[in-house]
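The values are calculated or read from the model by the stated rules, or taken from the named source; none is laboratory data. Keep in mind that this is a model prediction, so the values were computed, not measured. Here the Cβ positions follow ideal geometry from the backbone for every residue, glycine too, while neighbour counts run over all protein chains shown. SASA here: full protein model, heavy atoms, side chains in, ligands and nucleic acids out. Shrake-Rupley method; radii C 1.70, N 1.55, O 1.52, S 1.80 Å.
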Amino acid sequence: MDEASSHPPIEPNTFDLILVGTGLAESIIAAAASSAGKNVIHLDPNPYYGSHFTSLSISDLTSFLNSHSTPPKSQSSTTSSDGLDYTVLDLTRRAVYSDVEISSFAPETLAEHSRSFNVDLGGPRVLFCADKAIDLILKSGANQYVEFKSIDASFVCDDNGKLWSVPDSRAAIFKDKSLSLTEKNQLMRFFKLVQQHLEASEGNGAEDRQNSMISEEDFETSFVEFLKKMRLPPKIKSIILYAIAMADYNQDDLELCKDVVKTKHGIERLALYHKSVGRFTNATGALIYPIYGQGELSQAFCRRAAVKGCIHVLRMPVIALLTDKESGQYKGVRLASGQDLFSDQLILDPTLTVPYPPDPLRETLEGLNLRDVKGKVARGICVTASSLKPDVFNFLVVYPPQSIFPEQSTSVRALQIGGSLAVCPSGMFILYFSALCDDAKQGKNLLRAAMNALLKIPVSENAESSSEVQNENADEKPTLLWSAMYIQELTTGQYDQLSTTSMPDGNIHYNDLLDGTVKLFRKMYPHVEFFPEATSPESIEDEGELSLES
């Protein structure tokens, strides 16, 4: 008898909202709905929180990727609705991961430290100190349950493989020895122009807006053309476009570029970067990362939801939907334990679908089965025994388009996180890679090129002794101990009585995901405030500063 079938009945069995999957979006909505007084139950088939936003041990991550990259076997409906006033429709999970490749080059070393890894499934991911995610964490009170630490530095790679530091303040620009005096002056003048524009645009009067230093015409042009107009040299332009504005595609090829960054959006991203620097006194730069991994964010919101009355049940798969026999309207879900739960609203994990909807309900469930796939992202994870840079441990590296090889059309991002953030044993490091791609071949070629540029890849799958010798030489590239590569679908959420959330996107941040989460909440509850401001003394005490280790 499995855990689900032996689970005692859940009381009550009727809720305002049922959520399936404890991903970040579902966890935020659970906390928001519970804070608004809704009766909420939050279910997950896994023994841990986070779903596709989780942080796992190496063995659990391997099991997750292998199980979620295999389509379930075709089967006919097995649930029964005899004697009930509702129809029972089987749910199944579709594969959103593919082309999984996992290699272990030091199995004994990894096994010895197996409990010390918290590896992000949806990395690389960081938070800007001034972005929407941090504002929401503070407003919701989830800051009580998660701690952060600064990312030490950011770098951008040029065509020759050289890493250039990304300056994040006036002082950093002056101290940066990689910039010439002319480049420093050009960068300072540009940042001053942006600052003057932001100050004018944030003014309340018409005169302030008229004095804006950037015209409306420039705002609607491509950002790359605006940077050329400012006569910025290629190196500075690359830093601004790809390491600060975080452009995904080659902005110099506007005809083939799939996502041209307009000046308006480029300035907004510069403003976010500028506001992030110095927001928290013990943050050394613009970027921070949660201690114990990105999975802590989902857990923090789940804990906040629990404080507000949400019921959480892990290890509980949802196996079927319940719909009204006459109208076809959603009524509830059936659990693996055999119990039926009912609710007004339902939010499903993005992998769940109804394989055999009956004809009367085919149109109702069409949106659930035909989700909008926006492309793919290739993700890679590497464990090394030494840092890429001997004096910096936690940092971001951006490879702009064409910096690794001429056919590279998208940026590749790499994030190194060390043991000081409690994601791996002391002395080891985790490297996360990602790149948007059209197919698995293109995506893996991008990841392999970036990995080969940074790491020494062992020839055999057992290179513990050789890696120790190589790492004695500080000039050598770090040797790989373990790696994973996989392709993940980029699916968007659906907003209806049966709603689904999005898979992790290809961004380095969570801002787009949060926009979709707020949109879904407001569609469900148009007259309910999304995390109301604290009014009682108890609620006010819940809000506070961000816990940030120096």
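Test K228 against the criterion of being more than 23 Å from N511 (Cβ to Cβ) and open to solvent by 30 Å² or more (accessible area, probe 1.4 Å), and give yes or no.
yes
Can you tell me which residue in segment 378-400 is farthest from N250 (Cα to Cα), limited to those that are among the aliphatic types (A, V, I, L, M) and open to solvent by 10 Å² or more (accessible area, probe 1.4 Å)?
The residue in question is A385.
Wholly within segment 110-194, which strands (runs of 3 or more DSSP E) include no fewer than the required count, namely at least 3 residues that are touching a strand residue (DSSP E or B) at 6+ places or on another chain (Cβ under 7 Å) and touching a residue at least 40 places away in the same chain (Cβ under 8 Å)?
Of the strands (runs of 3 or more DSSP E) lying wholly inside segment 110-194, those with at least 3 residues that are touching a strand residue (DSSP E or B) at 6+ places or on another chain (Cβ under 7 Å) and touching a residue at least 40 places away in the same chain (Cβ under 8 Å) span 147-150, 153-157.
Which ones in segment 93-109 are part of a strand (DSSP E or B) and not aromatic (F, W, Y)?
Of everything in segment 93-109, those that are part of a strand (DSSP E or B) and not aromatic (F, W, Y) turn out to be R93, S98, D99, V100, E101, I102, S103, S104.
If you take the residues of segment 58-86 that are modelled with pLDDT of 90 or more and crowded, with 18+ Cβ neighbours inside 10 Å, which of them is nearest to T109 (Cα to Cα)?
The extreme case among them is I58.
In segment 102-118, is there at least one residue being within 19 Å of the chain's Cα centre (by Cα) and open to solvent by 10 Å² or more (accessible area, probe 1.4 Å)?
Looking through segment 102-118, at least one residue is within 19 Å of the chain's Cα centre (by Cα) and open to solvent by 10 Å² or more (accessible area, probe 1.4 Å).
Could you list, in sequence order, the residues of segment 25-51 that are open to solvent by 10 Å² or more (accessible area, probe 1.4 Å) and at negative phi?
S35, A36, K38, N39, P45, N46, P47, Y48, Y49
For segment 302-352, what are the residues that are open to solvent by 20 Å² or more (accessible area, probe 1.4 Å) and of a type in the set (S, T, Y)?
S327, S337
Considering only residues of segment 177-225 that are modelled with pLDDT of 80 or more and among the basic types (K, R), which is most open to solvent (accessible area, probe 1.4 Å)?
Per the stated criteria, the residue is R189.
Table: residues versus (1) in a helix (DSSP H, G or I); (2) in contact with a His (Cβ under 6 Å, 6 or more places away or on another chain); (3) within 29 Å of I244 (Cβ to Cβ); (4) at pLDDT below 80.
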position: N507; (1), (2), (3), (4): no, no, yes, no
position: L514; (1), (2), (3), (4): yes, no, yes, no
position: K519; (1), (2), (3), (4): yes, no, yes, no
position: R522; (1), (2), (3), (4): yes, no, no, no
position: V528; (1), (2), (3), (4): no, no, no, no
position: E533; (1), (2), (3), (4): no, no, no, yes
position: E541; (1), (2), (3), (4): yes, no, no, yes
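How many of the residues making up segment 337-353 are closer than 15 Å to P317 by Cβ, out of contact with any Lys or Arg (no Cβ under 7 Å at 6 or more places or on another chain) and β-branched (V, I, T)?
Residues flagged as closer than 15 Å to P317 by Cβ, out of contact with any Lys or Arg (no Cβ under 7 Å at 6 or more places or on another chain) and β-branched (V, I, T) within segment 337-353 amount to 0.
Considering only residues that are open to solvent by 20 Å² or more (accessible area, probe 1.4 Å) and closer than 23 Å to D439 by Cα, look in segment 354-377 and name the one that is modelled with the highest pLDDT.
K376
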